Amino acid sequence: MRMPRTIFILNGPNLNLLGTREPEIYGTATLADIERDCRTEADVYGFDIVFRQSNHEGDLVDWLHEAHREGATAVLLNAGAYTHTSIALHDAIKSISVPVIEVHLSDPETREPFRHLSYVGIAAADCVKGLGARSYIVALQKAAEIAA
Ligand code: DQA
């Protein structure tokens, strides 16, 4: 079954702790705040939003497959630390036809060297990073351009 104009917003490990997790890096918005703001922005474009978080790599792989199966318009993926380690996520992105936009609150390339490599980014269609919670909103705007 195709879901018209649905955007999957997938969040990886430790992002459930946003709000209290290293606020000097990630800000004080909780993941629930980000979800609320994404839904408000999505209404402007008439998108349905599937918003999920998991601390488990395989869940993210399964949800990328689901987005493809369901004919989603785009996926916004903040894979957290799996960004820098997961060939499985890289392969999943390459295995599906849905465009994936990589999202980060911080800018990993300006942080520790182990964050400079993004296996997600090598496969993703685009990336928005370093804008705090606003990264998700800008990524949604990019998804709207893709959908237009
Ligand atoms: C992050 C950046 C990653 O390096 C880190 O492991 C995270 C959050 C971000 O949104 O800035 O968990 O993806």
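Each value in this text was obtained by applying a stated rule to the coordinates, not by laboratory testing. Small disclaimer: the values here were computed from a predicted structure and weren't measured. Note that we place each Cβ from the backbone using ideal geometry, even for glycine, and neighbour counts take in every protein chain shown.
Lys and Arg at +1, Asp and Glu at -1: add these up for the other residues within a Cβ distance under 9 Å of E109 and post the number. Net of charged neighbours comes to +2. With a ≥ b ≥ c the root eigenvalues of the C-alpha gyration tensor of the chain, is it rounded (a/c under 1.5), prolate (a/b larger than b/c) or oblate? Because a/c hits 1.5 or more and a/b fails to exceed b/c, the chain counts as oblate.
In a DSSP loop and with at most 14 other Cβ atoms within 10 Å, there are no trypsin sites (Lys or Arg not before Pro) in segment 25-60.
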